[in-house]
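Participant: Dumping the structure here so I can ask a few things about it.
The values are calculated or read from the model by the stated rules, or taken from the named source; none is laboratory data. Predicted, not measured: the structure shown is a model, and the values here were computed from it. Heads up, the Cβs are rebuilt from the backbone with ideal geometry, glycines too, and the neighbour counts pull from every protein chain shown. All accessible areas refer to the heavy atoms of the entire protein, side chains included, with ligands and DNA or RNA removed. Shrake-Rupley method; radii C 1.70, N 1.55, O 1.52, S 1.80 Å.
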Amino acid sequence: MLLSACSTGPQRPPAGPGSGVGAAYVPMVEPGPASGPPTGESYEALVAKCQREASGLPFIKTEDHDAALIVVGVGVGAAIGWNIGHTYWDDRAFAIPLVAAASLPIAGLMGLFAQWVYSPQTAVWRKKQETQVANCMARSGYKNVDPTVLVTWLAVPASSMATRPTGRDTFTAEKLAKSRNCAATPMATLVAKGPGFEDYRIACTNAPEIAIHCEFGQCRASSEFAAR
């Protein structure tokens, strides 16, 4: 609540459209030309479907802090165990249950500490889930009107898909994009090519588009190419 009070950005309502976080986000939309009103059983079923899709987005945390968390956990456990053993060395019948009883709150505190350490990644993951909910609604013809949620899905006309530029490494680029959770069915568009290389752009369903650079069949995401 303190963070909400201090935030200068748009505030979300406690319930209804625009509320919730992550996969529990409730979309705030307007009907489009091909969609019905944002009410009724069919609409609620669509919202539930989009939320289920977003809940399937995996949380991929870096391992940068794992070693530190292990060291801290082992260190705290060893220190407490040593102190209890040293104090009650002659009364092991009391010391052993005491160590066992202390292990549960220590584990709980370490879990909270780990959540705090990975809170930035968790925040990004939840924003991607919200984008996935909004993209799912956009695919069904609804227009997002929530300024706190990014929509990255764009309708692709069937005529443009038939003339989509492709190259030798299109399949490899799309496979890489899928492994990065860009989209369930990524569509790579060839934007540049030369001797031994090809550059692609791929629109994602839960994030901005990504750029992929391929050389002799080896593809990688390219931030340098994305900035061009």
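Participant: Checking residue 106 against (1) β-branched (Val, Ile, Thr); (2) in a helix (DSSP H, G or I); (3) at pLDDT 80 or above, only one condition comes out false. Which one?
Facilitator: The single condition residue 106 does not satisfy is (3).
Participant: Every residue in the stretch 165-186 that is of a type in the set (A, V, I, L, M), surrounded by 17 or more Cβ atoms within 10 Å (Cβ to Cβ) and free of Cβ contacts under 8 Å to residues at least 40 places away in the same chain, please.
Facilitator: Our first condition is that a residue be of a type in the set (A, V, I, L, M); within the stretch 165-186, this holds for 173, 176-177, 183-184.
Still in the running and surrounded by 17 or more Cβ atoms within 10 Å (Cβ to Cβ): 173, 176-177, 183.
Residues satisfying the conditions are 177, 183.
Participant: Step by step: first the residues of the stretch 195-209, then only those that are modelled with pLDDT of 90 or more and either open to solvent by 30 Å² or more (accessible area, probe 1.4 Å) or touching a Lys or Arg at 6+ places or on another chain (Cβ under 9 Å) (or both), then the one that is farthest from residue 173 (Cα to Cα). Which residue is that?
Facilitator: 195
Participant: Please go through the stretch 1-58 and pick out each residue that is at pLDDT 90 or above, surrounded by fewer than 18 Cβ atoms within 10 Å (Cβ to Cβ), in a helix (DSSP H, G or I) and over 21 Å from the mean Cα position of the chain (by Cα).
Facilitator: Passing the criteria: 41, 42, 44, 45.
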